[in-house]
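The structure appears below as structure tokens.
Nothing in this text is a laboratory measurement; each read-out follows from the coordinates by a stated rule. Note that this is a predicted model, so its numbers are computed, not measured. Quick reminder, even Gly has a Cβ in these numbers, built from the backbone with ideal geometry, and neighbours come from all protein chains shown.
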Amino acid sequence: MCLLHELLPMDMTVGCILLIVAAVCAVVQVLRFIFADADFTLLWAASFGLKPESTLRGRVVWITGASSGIGEELAYQLAQIGAQLVLSARRENELERVKRECLGRSRLHEEDILVLPLDLLDRKSHEAKTAAVFQHFGKIDVLINNGGRSQRSLCLETDVEVYEALMELNFLGTVSITKTVLPYMVKRGTGTVTSVSSVVGIAGAPLATGYSASKHALQGFFNSLRVELAEYPGITISTILPGPVQSQIVQNAFTESLHKSVWQAGDQQHKMATSRCVRLILCGLANRVKEMWIGQQPFLLFFYVWQYTPTLAWFMTGILGKKRIQNFKAGLDADSAYFTKPKAP
Ligand SMILES: NC(=O)c1ccc[n+]([C@@H]2O[C@H](COP(=O)([O-])OP(=O)(O)OC[C@H]3O[C@@H](n4cnc5c(N)ncnc54)[C@H](O)[C@@H]3O)[C@@H](O)[C@H]2O)c1
């Protein structure tokens, strides 16, 4: 009896310690997820889901915008996994460079990678380009609509032709390629069309009124298409919403007039590593995740705020947006200058 009395508090102490450890572990996990660099579903897929190495090996993947940035890195990681590739962008020499690098980093053979120069703006050519892929590989398993351009200009100073060009490229170019590939996928009853949208496809950003609008258009198009294709369970329509990622996007951005380029891109080091972004994309593809939010903190957290507490988001946008415009007008890098003090050019 005496022994029992002594044991009982002991049991309770052990129980309490175990409970505290479990609670701390749970809090750590929750914080890990909150401060992680992707939405919960994608993180779950990346941690516990199917691996891209098992689901994408041997698949035919067509990447647009494969000559730099996210598209180029997609090519490298997919080559290492063993996917067969179609590399498209406008500059053939750049695509050949990416192909050589893919071959050097993987066990793929020359015929496993098709270099297919393509201008997203030349919509009349898209049928023939799609036919060329079928002629080479006989099928397309995954289409990655990645090609696109951003914008760095204030609406009041921007020619309407720039808005037209952004919609032609980011929206209509993507819709056009998708429409040429989709009938084949529907006929086969299987396939994936994934499109690199952006977090500004659901939120807004100063200096990117046209870019944001073109990505909003993509979101609307693909979210509606997904439902239209519900009777084809083998077809996956997914959108990828990255925050800032290291690439050539700022150098290549539209400005206030069509023929003027961005004069200074600024340091991109504060942005998410391209390799991490692409790994998450591939995990999402492997697990058929329909919408992938990818971004470093505090960007991702800001977009959660945008989604769930718009009033607070508008308050924050007022502060951050003003800073972005001030930086831009002062000739500083608009992005990095949120959190750092960039040197004046
Ligand atoms: N990097 C980021 O911070 C970021 C964030 C969100 C979304 N995105 C999106 O990711 C995608 C890839 O951009 P990135 O960041 O790698 O930039 P990037 O400029 O490095 O790459 C863009 C690619 O698109 C191609 N492209 C441009 N115009 C084209 C045309 N007319 N026809 C065919 N190809 C064309 C380019 O040649 C290049 O290969 C884009 O859709 C972009 O909007 C990028």
For this session: Could you tell me what percent of the DSSP beta bridges with both partners in the chain are antiparallel, to the nearest 5?
Result: 5
Seminar exercise, completed: The long-range amide H neighbours of Arg90, using H built 1.01 Å from N in the peptide plane and a cut-off of under 5 Å, are Leu118
Exercise. Ranked highest first by the average count of other Cβ atoms within 10 Å around their residues, in what order do 283-294, 253-264, 151-162 fall?
Worked result: 283-294, 151-162, 253-264
Exercise. How about Lys260: which lysines have a C-alpha closer than 19 Å to its C-alpha, ignoring those fewer than 8 places off in the same chain?
Worked result: Lys329
Exercise. Expressed as an acute angle from 0 to 90° and rounded to the nearest 10, what is the orientation of the C-alpha long axis of helix 310-329 relative to the principal long axis of the chain?
Worked result: 50
Exercise. Given the rule -39500 (n - 2.57) for each run of at least 4 DSSP H residues, summed and divided by the residues of the chain, what is its mean residue ellipticity at 222 nm, to the nearest 500 deg cm²/dmol?
Worked result: -16000 deg cm²/dmol
For this session: Given the peptides 14-24, 307-317, arrange them by the average over their residues of other C-beta atoms within 10 Å, most packed first.
Result: 307-317, 14-24
For this session: Tabulate in residue order the Karplus-calculated ³J(HN,Hα) for the stretch 65-80, using 6.51 cos²θ - 1.76 cosθ + 1.60 with θ = phi - 60°, rounded to whole Hz; enter x for Gly and Pro.
Result: x, 8, 8, 7, x, 4, x, 5, 5, 4, 4, 5, 5, 5, 4, 5
Exercise. Arranged by the count of other C-beta atoms within 10 angstrom, fewest first, what order do Val245, Val27 take?
Worked result: Val27, Val245
For this session: Report the full-extension gain for the segment Tyr232 to Ile17: residue separation times 0.36 nm, less the Cα-Cα distance, to one decimal in nm.
Result: 72.3 nm
For this session: Run the dipole for the chain about the Cα centre, Lys and Arg Cβ at +1, Asp and Glu Cβ at -1, nothing else charged, and hand back the magnitude in debye, nearest 20.
Result: 160
For this session: Would you calculate the separation in nanometres between label points at Cys155 and Ala265, each defined as 7 Å from the Cα along the Cα-to-beta-carbon direction?
Result: 2.8
Problem set entry | Rounded to 10°, Cα long-axis angle of helix 299-308 versus longest principal axis of the chain | 80
Exercise. Helix 209-228 versus the longest principal axis of the chain: what is the Cα-based angle in degrees, 0 to 90, to the nearest 10?
Worked result: 80
Exercise. Setting aside same-chain residues fewer than 8 positions from Lys129, which lysines have a Cα under 17 Å from its Cα?
Worked result: Lys139, Lys179
Seminar exercise, completed: Relative contact order in percent for the chain (Cα pairs under 8 Å, 6+ apart) equals 19
For this session: Quick one: what are the phi-derived ³J(HN,Hα) couplings along the stretch 152-161, Karplus 6.51/-1.76/1.60 with θ = phi - 60°, whole Hz, x for glycine and proline?
Result: 9, 6, 7, 4, 4, 9, 9, 5, 5, 4
Seminar exercise, completed: Dipole check, the chain, charges on Cβ (K,R +1; D,E -1), about Cα centroid: among Leu282, Gly234, Ser106 the Cα furthest to the positive pole belongs to Ser106
Problem set entry | Residue-wise HN-Hα coupling along the stretch 174-179, computed from phi with Karplus coefficients 6.51, -1.76, 1.60 (Hz; x: Gly, Pro) | 5, 4, 4, 4, 4, 5
For this session: Show the residues, 5+ positions off or on another chain, whose built amide H is closer than 5 Å to the amide H of Val245.
Result: Met272
Exercise. So which aspartates and glutamates pass the test for Lys271, namely a Cα distance under 14 Å, with those fewer than 8 places away in the same chain ruled out?
Worked result: Asp37, Asp333, Asp335
For this session: Amide H neighbours of Arg149 under 5 Å, at least 5 residues apart or on other chains, H built in the peptide plane: list them.
Result: Asn170
